[in-house]
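The structure appears right after this line, and notes come after that.
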Amino acid sequence: MLFLFNDALYDLGDAGETAHQRAEALGVNPLALRNLRIGQVIKMVRDWVWERPALAKSDPESGIFLASLVALKTNEANALMAVAPQTAKSSADVQVRLASVSLVTMKQLMDLQDDGRLTGHTANMAVWSQAPARMQA
């Protein structure tokens, strides 16, 4: 499964399996993942992005873990944008959006990433300018 997290595209494989594998590697109890609800996952995304704003690119291990959790818990989303505005005072201010993006678009973004040309602007134009507001978390 391809998953876009901000301006980084990951191939998650099986989201559930990836979430459990990455949880262990990051010191998160994999058994606790079963009971997480999407709201709790979004809070985790907000907290981690607040601590490390460029997490999607600078810490792909954590980015893949969060992406796989979102994919697992929504069964719909394959794109996540999480950004702390300049005026943010806490992790609660981190803005999160989810989207379901076509495989064709994801493949095009993957090709751009493979060529080193995937940028935040490109991802925004391909995904977030098209995503319906109802997918905001």
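The values are calculated or read from the model by the stated rules, or taken from the named source; none is laboratory data. This is a predicted model, so every value here is computed, not measured. Cβ atoms come from the backbone with ideal geometry, glycine included; neighbour counts cover every protein chain shown.
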If you check Asp93 against the conditions, is it closer than 18 Å to Val127 by Cα and charged (D, E, K, R)? no
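Considering Ser91, Ser68, Ser62, which residue is surrounded by fewer than 18 Cβ atoms within 10 Å (Cβ to Cβ), modelled with pLDDT of 95 or more and not charged (D, E, K, R)? First the steps, then the outcome.
Numbers: Ser68 fails: surrounded by fewer than 18 Cβ atoms within 10 Å (Cβ to Cβ); Ser62 fails: surrounded by fewer than 18 Cβ atoms within 10 Å (Cβ to Cβ).
Step by step, each of Ser91, Ser68, Ser62 is checked, and only Ser91 is surrounded by fewer than 18 Cβ atoms within 10 Å (Cβ to Cβ), modelled with pLDDT of 95 or more and not charged (D, E, K, R).
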Could you please tell me which pairs satisfy a Cβ distance under 9 Å, a separation of 6+ or placement on different chains, a first residue in segment 104-118 that is basic (Lys, Arg), and a second residue that is surrounded by 10 or more Cβ atoms within 10 Å (Cβ to Cβ) and in a helix (DSSP H, G or I)? Arg117/Asp111
Check off (1) over 23 Å from Met125 (Cβ atoms); (2) among the basic types (Lys, Arg); (3) over 13 Å from the mean Cα position of the chain (by Cα); (4) part of a helix (DSSP H, G or I) for Lys43 and give me the number that stays unchecked. (3)
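Within segment 10-36, how many residues are part of a loop (DSSP other than H, G, I, E, B) and surrounded by 14 or more Cβ atoms within 10 Å (Cβ to Cβ)?
Our first condition is that a residue be part of a loop (DSSP other than H, G, I, E, B); within segment 10-36, this holds for 12-14, 27-29, 36.
Now restrict to residues that are surrounded by 14 or more Cβ atoms within 10 Å (Cβ to Cβ): 12, 28, 36.
Residues that pass the stated criteria total 3.
Against the definition (closer than 25 Å to Leu112 by Cβ and in contact with a Leu (Cβ under 9 Å, 6 or more places away or on another chain)), how does Asp59 come out, yes or no? Working first, answer last.
Details: closer than 25 Å to Leu112 by Cβ: yes; in contact with a Leu (Cβ under 9 Å, 6 or more places away or on another chain): no.
No: the conditions fail for Asp59.
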Criterion (free of Cβ contacts under 8 Å to residues at least 24 places away in the same chain and hydrophobic (A, V, I, L, M, F, W, C)) met by exactly one of Ala23, Ala8, Ala32, Ala79: Ala32
